[in-house]
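No value in this document is a laboratory result; all are computed from the given coordinates. Model, not experiment: these values are computed from the prediction. Virtual Cβ from ideal backbone geometry, glycine too; neighbours counted across all protein chains shown.
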Amino acid sequence: MQTTTPRTIRAAFVTAIKAIVPTHEEHRDKRFRPVRSVDDVPGPTLRNFHIDIGAGQPVADGIYGSGVEFKVEVAVYVGYGALSPEDDDSIITEDGAQIWDALQALYDPSLAGLISVEPTPFVDGVTDAGHRWGAFAFDVRYLHNV
């Protein structure tokens, strides 16, 4: 297995999320659109997103070979605008499932060095203006060249 970097992982994740065609029947026409920072995610626009990646750390008893197994926390922040309470939870649930599916599809060899993408709890938020947003969080494991 080859190695990769958090920068390469982030770029591949952005591309994969942009390619998602939402399956939830309402607001299907609103595709995922990357924005430059987390601050640009909350607001009236549905499905603005930004990916934050933490610092990778070696995994104890991890895989060794052409590289060392590292773990990094990844958060995919997504804006949900002013969805009605009847819509938002079902859309957020469906989006989360599609994002996870898109990222899992990148496992090595699609993205060399990517070992796993495991979801962690969703982080929910609402702005003072009532715009809902949240972060789909994942523990990502990959081979890092050392």
Item checked: PHE122, PHE49 arranged by Cβ crowding within 10 Å, fewest neighbours leading -> PHE122, PHE49
Check: For the chain, what is the mean residue ellipticity at 222 nm derived from helices alone (per DSSP H run of n ≥ 4: -39500 (n - 2.57); sum divided by total residues; nearest 500 deg cm²/dmol)?
Finding: -7500 deg cm²/dmol
Notebook entry, point to check: When the label point is put 7 Å from the Cα of SER66 along its Cα-to-beta-carbon vector, which residues of segment 80-110 have a backbone N closer than 16 Å?
Noted result: 107-110
Next item on the list: State the percent of C-alpha pairs, over all pairs in segment 6-144, separated by a distance greater than 26 angstrom.
Entry: 24
Notebook entry, point to check: What angle, in degrees between 0 and 90 and rounded to the nearest 10, separates the Cα long axis of helix 85-104 from the longest principal axis of the Cα atoms of the chain?
Noted result: 20
Next item on the list: Measure nothing fancy, just the Cα-based angle from helix 6-18's long axis to the longest principal axis of the chain, in degrees from 0 to 90, nearest 10.
Entry: 40
Check: Using the alpha-carbon centroid of each, what span in Å lies between segment 99-146 and segment 38-90?
Finding: 5
Check: Given Cα pairs under 8 Å that are at least 6 residues apart, what percent is the relative contact order of segment 76-146?
Finding: 40
Check: Which whole-number percentage describes the relative contact order of the chain, with Cα contacts under 8 Å and a sequence gap of 6 or more?
Finding: 31
Next item on the list: Could you list which residues have their amide H under 5 Å from that of ILE63, counting only those 5 or more apart in sequence or on another chain, with H placed in the peptide plane?
Entry: GLU69
